[in-house]
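Q: Take this structure, written in structure tokens, and hold onto it; I'll ask about it next.
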């Protein structure tokens, strides 16, 4: 009887170990999916991606450069293979301009006045970047 009891205890311990290992693998897999966000890109690719966008950023951006940027963003968003890689433009602050369209992630430059100067910045909080470090949200503000 003692041997049978010991065998049952060992079998139960093995089953518990298997359940714990399976649970650990499952949780690790879930965590990897969350962190993955845009980790399919190398650091160099992320840097190049952000650098391309940063060329349009600034405190005194001309209307023509802003129109080029809006065109760039629309093209980028049309070609984005993943929703998390799309760039969102917002207009806020002291003087807003209407850049939105009925199509999500597509923007218009009709209301960009050629006599005006604009401030184009990445959102300063965590909303401005993805967890992988890609620029994702930019604010445009008319300053003059």
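Q: To the nearest 10 degrees, how steeply does helix 2-36 sit against the main Cα axis of the chain, on a 0 to 90 scale?
A: For helix 2-36, the angle is close to 10 degrees.
Q: Continuing with the same structure: Does anyone have the angle between helix 63-79 and the longest principal axis of the chain? Alpha-carbon axes, 0 to 90°, nearest 10?
A: Value to nearest ten degrees: 30.
Q: Note down the Stokes-Einstein diffusion coefficient of the chain in µm²/s, whole number, using a Kirkwood radius over alpha carbon pairs, 10 °C, and 1.306 mPa s.
A: 86
Q: A follow-up question, please. Taking the chain as the reference, fit the longest principal axis to its C-alpha atoms, fit the long axis of helix 43-54 to the helix C-alpha atoms, and give the angle between the two in degrees, 0 to 90, nearest 10.
A: The two axes meet at around 20 degrees.
Q: Just to be sure I understand: with springs between alpha-carbon atoms less than 10 Å apart, which residue in 18, 53, 87 has the highest mean-square fluctuation in the Gaussian network model of the chain?
A: Of the options given, 18 has the highest mean-square fluctuation.
Q: Can I ask one more? How much mean residue ellipticity at 222 nm does the chain get from its helices, if each DSSP H run of length 4 or more adds -39500 (n - 2.57) and you divide by all residues, to the nearest 500 deg cm²/dmol?
A: Calculated mean residue ellipticity at 222 nm is -15500 deg cm²/dmol.
Values quoted throughout were computed directly from the atomic coordinates according to the rules given, and no laboratory measurement underlies them. Keep in mind that what you see is a predicted model, and the values were worked out from it rather than measured.
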